[in-house]
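Report on one structure; see the data block that follows.
The values are calculated or read from the model by the stated rules, or taken from the named source; none is laboratory data. What you are looking at is a predicted structure, and each value in this text was computed from that prediction instead of being measured. Glycine gets a Cβ as well: all are built from the backbone with ideal geometry, and neighbour counts include every protein chain shown. Side chains included, ligands, DNA and RNA excluded: accessible areas come from the protein's heavy atoms. Shrake-Rupley method; radii C 1.70, N 1.55, O 1.52, S 1.80 Å.
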Amino acid sequence: MKQVSRETMEYDVVIVGAGPAGLAAAIRLKQLDADCQVVVLEKGSEVGAHILSGAVLDPCGLDTLIPDWKDKGAPVTVAVKEDNFYMLGEAGQVRIPNFPMPPLMSNHGNYIVSMGNVCRWMAEQAEGLGVDIFPGMSVSELVYAEDGSVKGVVAGEFGKNPDGSQSEAYEPGMELHGKYVFLGEGVRGSLAQQVISKFDLSKGHEPQKYGLGMKEIWEIDPAKHVEGRVTHTMGWPLGKNAGGGSFIYHLENNQVYVGFVVHLNYKNPHLFPYMEFQRFKHHPMVADLLEGGKRVAYGARAISEGGYQSMPKMVAPGVALLGCSVGMVNVPRIKGNHNAILSGKAAAEAAFAAIQAGRSGDELSEYEAEVRNGAIGKDLKTVRNVKPLWSKYGLVASLVVGGLDMWTNTFGVSLMGTLKHGKTDAAATEIADRHKVIEYPKPDGKLSFDRLTNVAFSFTNHEENQPAHLTLKDVSEPVKINLPKFGGPAARYCPAGVYEFVEEEGKAPRFIINFQNCVHCKTCDIKDPGQNIVWTTPQGGDGPNYPNM
Amino acid sequence: MKVLVPVKRVIDYNVKVRVKADGSGVDLANVKMSMNPFDEISVEQAIRLKEAGQVDEIVVVSIGVKQAQETLRTALAMGADRAILVVATDDLHNDIEPLAVAKILKAIVDEEKPGLVLTGKQAIDNDMNATGQMLSALLGWSQATFASEVEIAGDKAKVSREVDGGMQTIEVTMPTVITVDLRLNEPRYASLPNIMKAKKKQMDEKTPANYGVDVTNRLEIVKTVEPAERAAGIKVASVDELVAKLKEAGAV
């Protein structure tokens, strides 16, 4: 292989990922010191292209970062006006009244937003302050200093052949060095995973837990549209097979976000999260809403659900993890964007003070202390037992007990201390023979769609002539172990149809990776039973091109 | 020789276009936009001509909304030398028509005096395939459309054109307008160091008024509709059944 020589550029802070956390950090650094050199690298073709979130936004993060966000034209305009919660049965539903809900689950004062658009707006604010933002640039490697601290990243490598060799169009990318590197890659970031493992940051913390969120944007009959209406459901169709639920948010222009979340600690490997979502839309309550409407976009993304006890140590020499690279979603509130913004702000403030004091390349422990003891920690600590209760005792018990715990926690008392999550989601998967095969109805093409048709609505594209970015530690494991033992779950847990087991008569089964379909949700990296799939970054600009997700 | 390369900002080729609810056009709000792929090929060709020593300056121009400056920055990062942005509208749904674009380009050619205009054969958003031809007529220059090979020698350009069922090679006299086809070359990546350097390259901002051109649309969009959805297929068990079904459908 040819020797790669790269140009180098020095910054004060290098930020990976133009999501709410990374952009908040960039903005805060520039607010504190207009001369601070800040660069943000984003693998999506543009800012927002890889952002997928519900989302009902609690503006508390924006309020502290950009208090005049309203005057600055933030796309945060649809206030939540109506908040409904239903328990679904196959043919009907029971509305759960709002009064027994713990006060912190109320959506009063929150907004229905497209986080993609919020990030586009935040990027404009950041650029206005002089931040360099480079979308379409994947960060493929971390660069370490001789003392083992992180000193930078490699970004913008293009033009590798499928076998890893350099094509004629090869561009080596460049090294961006910083006094500190912030990783705001979102859930299960590929560099964050490396840092967590290299510096053993999970030690003493519970394993991270995840959900898979899938989302469609629908344009519906104006007569059925109620701007500002928020609906959440639980129960059917998942029932006892898995934890999870749905959201339906009415935003502007007769559009509705329809989403479905499946907790990835499900045991039955026959479960097909994507088909659960499709089936859900045929519930009479949902079907009636969507009837005559049009699905205009689709996407999927993993969600961190481990909460307070799963947050790893978030700093190591020269590097800090932000937002959901740590895992800051408040599960019962189904919100994390406010914490992402607050974490970016906290990291920026810690880095600013450190740089002022002449420090660099060390641990920003002030940032970690602020996350754990400040607003983020308070938000997450109160609800820390909901998810473990849900996993252990099922939905109803967790709602009753967890709800009670949340009530008491709001008064500063806990009934049960902090519960553990136990197993990782990968280890939760059980042997296929012990579970029933689940039959899913065929999509009708009107309300429900087959997976590949829907993937086309994520506007995903990957340069075909490059190495597959989904890599296997052991190439034989899918066919040798996962297929016989777990019924080949990769073919089902992937919401984009990346993985296939091809079984032809007289031939050994083959495992196919259609990496071109990948929507960068990271579920495979999380749920593969043997943790054999490693998600890495493809060429910059590849992946989904979400509009207003 | 100087070469002028007009580039257009269009809806990205990966995006599934969606017609606005009122049928007035394609919805572009928050949709990914990119350089028209044919224009990317013309930028690449200009750079190759420069690398071959046949061109000494590449000027790229874009006419449309202000955001087209991103498209120009991409061209500069690929290797163009200088850019002209003509802000002709602030409504991203307003597609400036080919004749208005050609008139502005003619005025720019009169000012810049390039020896060659290289551009995409058409834009993938409206597929008009007209601007290059109109510009050639307005300038009184020769034209070579759908180029898949370009060779310049002295005051002649030899251009292979993709025509129905084969190739046609023509020779035109310079200066000329060449519109390029898909197979002419494969555009290079805009590398990160070059994107950084491109930020410092010159970009002049103009308006149609600077060139005395009225960009009011002359065409009225009556209706825009999406193609009919493909009906779902069925699986047949045997060849006989397939034949029977085809007969039923009147296909054989």
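Looking at A:ALA74, A:ALA123, which one is small (Gly, Ala, Ser), under 30 Å from A:ASP35 (Cα atoms) and either within 14 Å of chain B (Cβ to nearest Cβ) or open to solvent by 50 Å² or more (accessible area, probe 1.4 Å) (or both)?
None of the other options fit; the residue is A:ALA123.
Picking from B:THR71, B:THR89, B:THR119, which residue would you name as being at pLDDT 95 or above, within 24 Å of B:THR216 (Cβ to Cβ) and in a loop (DSSP other than H, G, I, E, B)?
It is B:THR89.
Which one of these does B:ALA198 not meet: (1) surrounded by fewer than 19 Cβ atoms within 10 Å (Cβ to Cβ); (2) small (Gly, Ala, Ser); (3) within 14 Å of chain A (Cβ to nearest Cβ)?
Checking B:ALA198 against (1) surrounded by fewer than 19 Cβ atoms within 10 Å (Cβ to Cβ); (2) small (Gly, Ala, Ser); (3) within 14 Å of chain A (Cβ to nearest Cβ), the one that fails is (1).
Checking A:VAL4 against (1) of a type in the set (A, V, I, L, M, F, W, C); (2) open to solvent by 10 Å² or more (accessible area, probe 1.4 Å); (3) more than 14 Å from every other protein chain (Cβ to nearest Cβ), which test does it fail?
That leaves (3) as the condition not met.
Going through A:GLY506, A:GLY530 one at a time, which residue ends up being in contact (Cβ under 8 Å) with a residue 12 or more places away in the chain and surrounded by fewer than 19 Cβ atoms within 10 Å (Cβ to Cβ)?
It is A:GLY530.
Here is a yes/no grid of residues against (1) hydrophobic (A, V, I, L, M, F, W, C); (2) part of a strand (DSSP E or B); (3) open to solvent by less than 60 Å² (accessible area, probe 1.4 Å); (4) modelled with pLDDT under 95:
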position: B:THR145; (1), (2), (3), (4): no, yes, yes, no
position: B:SER148; (1), (2), (3), (4): no, yes, yes, no
position: B:GLU151; (1), (2), (3), (4): no, yes, no, no
position: B:GLU162; (1), (2), (3), (4): no, yes, yes, yes
position: B:MET167; (1), (2), (3), (4): yes, yes, no, yes
position: B:ILE170; (1), (2), (3), (4): yes, yes, yes, no
position: B:ILE178; (1), (2), (3), (4): yes, yes, yes, no
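Criterion first (in contact (Cβ under 8 Å) with a residue 40 or more places away in the chain, over 22 Å from the mean Cα position of the chain (by Cα), within 14 Å of chain B (Cβ to nearest Cβ) and surrounded by 19 or more Cβ atoms within 10 Å (Cβ to Cβ)) does A:VAL118 satisfy it?
Taking the combined requirement at face value, the residue does not satisfy it.
Give the residue that is nearest to A:VAL56 (Cα to Cα), with candidates limited to residues of the stretch A:196-237 that are surrounded by 15 or more Cβ atoms within 10 Å (Cβ to Cβ) and among the β-branched types (Val, Ile, Thr).
Here the residue is A:VAL230.
So how many residues does the stretch A:444-476 have that are open to solvent by less than 40 Å² (accessible area, probe 1.4 Å), in contact with a Ser or Thr (Cβ under 8 Å, 6 or more places away or on another chain) and part of a loop (DSSP other than H, G, I, E, B)?
The qualifying residues number 1.
Considering only the stretch A:47-79, how many residues are at pLDDT 95 or above and part of a loop (DSSP other than H, G, I, E, B)?
Qualifying residue count, the stretch A:47-79: 21.
Based on this model, can you work out whether B:THR89 counts as under 19 Å from B:ASN217 (Cβ atoms) and of a type in the set (Ser, Thr, Tyr)?
Judged against the criteria, B:THR89 is a match.
Scan the stretch A:491-549 residue by residue and report those that are touching a His at 6+ places or on another chain (Cβ under 8 Å) and of a type in the set (Phe, Trp, Tyr).
Result: A:PHE515, A:TRP535, A:TYR546.
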